[in-house]
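Working notes, beginning with the structure itself.
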Ligand code: NAD
């Protein structure tokens, strides 16, 4: 056991669950946060050293109650992984304001709210924030007006956090995953998008949840103690190409 505690949002499945499992295996205790209570309880039930906290990260009251409950349960907080996210794709002219707000509420407001509520505890441990954006926040392509804009905002929010919170020893970094076959991605990736990613990515494949989790886990540790304000893509080289996507 490291004696360290990480809070991971969107931990019921996908990249968040893979990160929880990886960090548990390396001796962390994990507060698993997700708004899908059923899936969360099922996932946490399988894992020793993890506790579930049902919470919608876009609702301020729920976030504050959850942070209090996590601190009451574990007594400290060393890392926060802001991973909860939603994806809705569509053309600009057909993206309704309700869709725009839904995407911003989880992907951007959620990162702001959870990070802000965690700052007092992270000051105590000189802890780490790791925000999950996307290659869609680095590179624009069609259909991602809401999703891509929300993730670009998370990239800037990370830099703001790193600059402002450095004086407390708090590090803030951002991971931009390339495509991973999770429920979120498979709901919005058409066959045309899947084929285009395979062609455009130098490693010619989607990534896996555990490949993203490795980078997230590293950024939470002391081994990354001089790394802050960084935006790091785990994308098979996609960011280095100029190839477009549908
Ligand atoms: P996923 O759908 O498998 O998991 C997302 C989890 O977040 C779910 O358990 C869901 O219930 C939870 N969640 C959603 N909204 C929430 C809210 N408001 N409050 C609390 N929990 C909420 O998706 P994933 O692919 O594992 O995505 C994880 C992160 O990685 C997201 O931020 C996503 O944008 C990002 N990402 C994913 C890909 C990809 O291809 N899968 C690529 C780039 C970035």
Yes/no for residue 180 being closer than 21 Å to residue 89 by Cβ and either loosely packed, with under 14 Cβ neighbours inside 10 Å or out of contact with any helix residue (DSSP H, G or I) (no Cβ under 7 Å at 6 or more places or on another chain) (or both): no
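Pick out the one residue from 42, 79, 31, 50 that is within 13 Å of the ligand (Cβ to nearest atom) and surrounded by 15 or more Cβ atoms within 10 Å (Cβ to Cβ). Don't jump to the end; show me each part of the working.
On the way: 42 fails: surrounded by 15 or more Cβ atoms within 10 Å (Cβ to Cβ); 79 fails: within 13 Å of the ligand (Cβ to nearest atom); 50 fails: within 13 Å of the ligand (Cβ to nearest atom).
Only one candidate qualifies: 31.
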Region 1-28 - residue that is in a loop (DSSP other than H, G, I, E, B) and farther than 21 Å from residue 208 by Cα and, of those, nearest to the ligand (Cβ to nearest atom): 28
Which listed residue is more than 23 Å from residue 99 (Cα to Cα) and either without any contact (Cβ under 8 Å) to a residue 12 or more places away in the chain or surrounded by 20 or more Cβ atoms within 10 Å (Cβ to Cβ) (or both), from 242, 237: 242
Subset of region 53-74 that is out of contact with any helix residue (DSSP H, G or I) (no Cβ under 9 Å at 6 or more places or on another chain) and touching a residue at least 40 places away in the same chain (Cβ under 8 Å) - its residue that is surrounded by the fewest Cβ atoms within 10 Å (Cβ to Cβ): 73
Helices (runs of 4 or more DSSP H) enclosed by region 30-120 - at least 3 residues per element that are in contact with a strand residue (DSSP E or B) (Cβ under 6 Å, 6 or more places away or on another chain) and closer than 30 Å to residue 162 by Cβ: 60-74
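Read the figures in this text as sums done on the coordinates, not as results from a lab. Remember, it's a predicted structure, so these values are computed and weren't measured experimentally. For neighbour counting, all protein chains shown are included, and Cβ atoms are generated from backbone atoms with ideal geometry for every residue, glycine included.
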